[in-house]
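Quick notes on the structure that follows.
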Amino acid sequence: MKLTFEIEPVEQARPRATRMGKGIRLYDPKKVSVYKKQLAMMCQIQYKKEPLTGPLIVSLKFYRHIQSSISKKERKLRLSGIHRPIVKPDTDNYIKSTLDGLNGLLWEDDNQIVKIVAEKYYSDRPCIEIEVERLEQNEDGRGGTGTKE
């Protein structure tokens with residue numbers, strides 16, 4: 001199964017904390033919280049089935065905006081994919097916020113993901129492309145090949 005979400009990827013930031021009586025409550029910063037909610041709404045529009053179960057293979061492509069203060073030559077190299085983002089935010093922080101935002105919607109929980117491939121690109125139209133495959137289990141319990149949903 002392949003889904004595309006027309007949204008600028010947002011990295012998972014460190015949780016914020018507030019004191020609640022004698023305890024401490026942790027929460028996502030507003031930017032991350034809004035991103036996860038928007039991603040969830042987009043997923044509900046595109047994927048109307050029950051959350052996937054069992055082991056999954058997930059491929060993610062994060063397309064982020066191009067800075068405006070670069071040359072036309074560099075812009076062309078970035079759009080063609082020759083020059084890829086090697087600056088912050090880190091790919092793993094994009095992964096974390098995105099997988100968390102899709103919990104309970106696309107899959108029951110992101111702990112089901114046994115293999116993940118993630119890439120960062122530049123684009124004039126920021127988005128996230130997600131491809132999900134079920135990992136077929138052999139009779140001995142070992143993973144076999146993936147089947148696209």
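What follows is calculated from the coordinates using simple rules that are stated; it is not laboratory data. In this text, all values refer to a predicted model and were calculated from it rather than measured experimentally. Cβ atoms come from the backbone with ideal geometry, glycine included; neighbour counts cover every protein chain shown.
Taking a Cβ cut-off of under 15 Å around residue 103, the surrounding Lys, Arg, Asp and Glu residues balance to a net charge of -3, with basic ones at +1 and acidic ones at -1. Note: relative contact order over the range 1-71, using C-alpha pairs below 8 Å and six or more positions apart, is 33 percent.
Taking label points 7 Å from Cα along the Cα-to-Cβ direction, residue 75 and residue 117 give a separation of 3.1 nm. Note on Cα extents along the principal axes in Å: of the candidates (i) 55, 50, 28; (ii) 48, 35, 22; (iii) 54, 36, 28, the value calculated from this structure sits at (i). Put simply, the amide H of residue 107, placed in the peptide plane, has neighbours under 5 Å in 52, leaving out anything fewer than 5 places away on its chain. Helical runs assigned H by DSSP (4 residues or longer) give the chain a calculated mean residue ellipticity at 222 nm of -8000 deg cm²/dmol, each run adding -39500 (n - 2.57) before division by the residue total. Applying 0.36 nm per residue to the separation of residue 6 and residue 129 and subtracting their alpha-carbon distance, the gain on full extension is 43.4 nm. Per-residue Karplus couplings for the range 11-28, computed as 6.51 cos²θ - 1.76 cosθ + 1.60 with θ equal to phi - 60°, are listed in order as 7, 6, 9, 4, x, 8, 10, 9, 8, 10, x, 8, x, 10, 10, 9, 8, 6 Hz, Gly and Pro entered as x.
What residues of the range 1-34 lie in the reach of a label at residue 65, counting those whose backbone N is under 14 Å from a point 7 Å from the Cα along Cα→Cβ? The answer is 7-11, whose backbone nitrogens lie closer than 14 Å to the label point. Report the net charge of residues surrounding residue 125, where surrounding means a beta-carbon distance below 12 angstrom and charges are Lys +1, Arg +1, Asp -1, Glu -1. Residues near residue 125 contribute -3 overall. Taking amide H as placed 1.01 Å from N in the peptide plane, residue 13 has no amide H partner under 5 Å among residues 5 or more places away or on another chain.
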